[in-house]
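Undergrad: This is the structure, below, for whatever I ask next.
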Amino acid sequence: MKRIIGNAFSLQMLLDPIANIMVNPIAKEDIPFEQCESAIGHQDLADHLGVPMNRVNTKLSNKDILYVAQFMGGRLPEGTTMLQAEQMGLLQFFEITVSYPAIEYMAQVVLDNPEDYGLI
């Protein structure tokens with residue numbers, strides 16, 4: 001299980017479109033930043049959060065946790081590349097957990113029948 005801090009969630013992060021996605025609000029203070037891989041693609045936000053900027057494509061495996069720092073102040077003007085100090089106060093944080101039913105089902109089948117898979 002990976003822990004990732006990012007500034008957005010996208011469906012292209014999923015390994016399989018058949019997925020269970022749980023989204024829960026979380027306080028910034030409850031995010032374990034020191035345990036997270038950064039996927040923050042904007043330097044000003046990375047600096048504000050105290051994590052390295054890291055523009056990467058993220059794929060979420062089963063049970064990975066994505067913490068999202070989401071700007072909740074409406075659409076930014078076209079061409080905006082930096083948040084102003086007062087906009088940082090409009091950040092809300094979410095914990096997103098993804099699970100894939102097919103992966104969990106197959107794992108349970110193997111656990112229920114270890115001899116069929118050469119595990120005994």
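The values are calculated or read from the model by the stated rules, or taken from the named source; none is laboratory data. This one's a predicted model, so the numbers in the text were calculated from it and none came from an experiment. Here Cβ is always computed from backbone atoms with ideal geometry, including for glycine, and neighbour counts include all displayed protein chains.
Undergrad: Considering only region 53-70, state which residues are farther than 19 Å from residue 101 by Cβ and in contact with a helix residue (DSSP H, G or I) (Cβ under 7 Å, 6 or more places away or on another chain).
TA: Within region 53-70, 53, 58, 69 qualify.
Undergrad: Also: What are the residue pairs meeting all of these: first residue in region 88-116, first residue under 29 Å from residue 69 (Cα atoms), second residue assigned to a helix (DSSP H, G or I) and at pLDDT 80 or above, Cβ atoms under 7 Å, and 6 or more apart or on different chains?
TA: Here the result reads 88/48; 93/28, each pair linking region 88-116 to a residue that is assigned to a helix (DSSP H, G or I) and at pLDDT 80 or above.
Undergrad: Restricting to region 26-72, name every residue that is more than 16 Å from residue 2 (Cα to Cα) and of a type in the set (Lys, Arg).
TA: Correct list: 28, 55.
Undergrad: Residue 23 versus (1) modelled with pLDDT under 95; (2) under 15 Å from the mean Cα position of the chain (by Cα): which is the lone unmet condition?
TA: (1)
Undergrad: Hey, does region 26-43 have a residue that's touching a helix residue (DSSP H, G or I) at 6+ places or on another chain (Cβ under 6 Å) and without any contact (Cβ under 8 Å) to a residue 40 or more places away in the chain?
TA: Within region 26-43, one or more residues are touching a helix residue (DSSP H, G or I) at 6+ places or on another chain (Cβ under 6 Å) and without any contact (Cβ under 8 Å) to a residue 40 or more places away in the chain.
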